[in-house]
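Here is the structure we will look at, set down as structure tokens.
Rule-based calculations on the coordinates, nothing more; no lab input. Keep in mind the model is a prediction, meaning the values are calculated, not measured. Neighbour counts are summed over all protein chains in view; Cβ atoms, including those assigned to glycine, are modelled from backbone coordinates with ideal geometry.
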Amino acid sequence: MSGDPDDLPEHVVANRRHWDDTADEWVAMGERAWAHDDPSWGVWGVPEAALEMLPADMTGLDAIELGCGTAYVSAWMARRGARVTGIDNSEAQLATARRLAAEHGIELTLIHGNAETVPVPDGSFDFAINEYGAAIWCEPEAWLREAHRLLRPGGQLVFLANHPLAMACAPESGAIVVDRLVRPYFGMHTLDWRHVEIDPGGINFCLPVSDWVALFHRLGFTIDDLREPRAPETAEGVEFFVDAAWASRWPSELVWKVRRR
């Protein structure tokens, strides 16, 4: 159920095109991540022991990855005992996920579609997660409302996304973040990178921290935790749009853990 492109929001169509066009660039990274059982997270590879993104034992849990890409997070959950569904906007990314699932002998349900409208019944899952998936590529209220629908009462949602401070320091040109504010923090929502000078991409979304909190409460979530991963001392150079020296001083990522009331 991929959806008629004529009926999809502009950002869904644009991001599908972006990820289909660049899917080959992510194959090697997906293969490396699938090969490891010990998760690490975000652009800085922060260990699972530091962030605790996943329950240690997921035996019998129904879990969904919202924006799964090559589905390595889905594989990590399946190895912990979960029954896992992954949904992604890019059929090209899912082709890699299906190949790797077959090679590793892991059973996943993989859906080509938009994480803002997932074609499964209400209350199908105990746990939902995404790492730079729906959290940045989907409209915040739309995908969070859908995550709330998908979760059973008491079910947990965990996601890792761009930190709004990093986005406030991200130049309009698409260059790496700088050590000064270059765009307003308040009112932040849509970031369109399609026509920037440096490394054009898709359409992202990011909210100020207080807006995330307000949205969680309005949609029926309680907050379990907030983490701000820091680049490790051994990190060097630039990862995507952030220099390691910058990310050792200021947060480039954040992790939210919330629970459906």
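Check which residues have an amide H placed less than 5 Å from residue 243's amide H, if you skip close sequence neighbours.
Those lying under 5 Å, H to H, from residue 243 are 177.
Taking 30 Å as R0, compute the FRET efficiency from the Cβ-Cβ separation of residue 48 and residue 198 and round it to 0.05.
Efficiency for this residue pair is about 0.40.
If you plug each phi of the stretch 110-124 into the Karplus form 6.51 cos²θ - 1.76 cosθ + 1.60 with θ = phi - 60°, what whole-Hz ³J(HN,Hα) values come out, in order, with x for Gly and Pro?
10, 10, 8, x, 9, 5, 7, 9, 8, x, 9, x, 4, x, 8
Can you work out the Karplus-derived ³J(HN,Hα) for every residue in the stretch 26-33? Use 6.51 cos²θ - 1.76 cosθ + 1.60 with θ = phi - 60°, whole Hz, and x for glycine or proline.
Once rounded to whole Hz, the list reads 10, 5, 4, 5, x, 4, 5, 5.
Quick one: 3J(HN,Hα) in Hz for the stretch 242-257, Karplus 6.51/-1.76/1.60 with θ = phi - 60°, rounded, Gly and Pro as x.
Once θ is set to phi - 60°, the couplings for the stretch 242-257 become 10, 7, 4, 4, 4, 6, 8, 9, 9, x, 9, 9, 9, 10, 9, 10 Hz.
So if each residue of separation counts as 0.36 nm, and I subtract the Cα-Cα distance between residue 224 and residue 180, what length gain in nm does that give?
Taking 0.36 nm per residue and subtracting the Cα distance, the gain is 12.7 nm.
Using alpha carbon centroids, what distance separates the stretch 12-52 and the stretch 73-100, in Å?
11
Within the stretch 81-125, list the GluC sites (Glu not before Pro) lying in a DSSP loop whose Cβ has at most 11 other Cβ atoms in a 10 Å radius.
Listed in order of number, the matching sites are 107.
Over the chain, what is the relative contact order in whole percent, taking alpha-carbon pairs under 8 Å and six or more residues apart?
The normalised contact order for the chain reaches 18 percent.
Are there chymotrypsin sites (Phe, Trp or Tyr not before Pro) in the stretch 110-201 that DSSP marks as loop and that have at most 16 other Cβ atoms within 10 Å, and which are they?
Answer by residue number: 185, 186.
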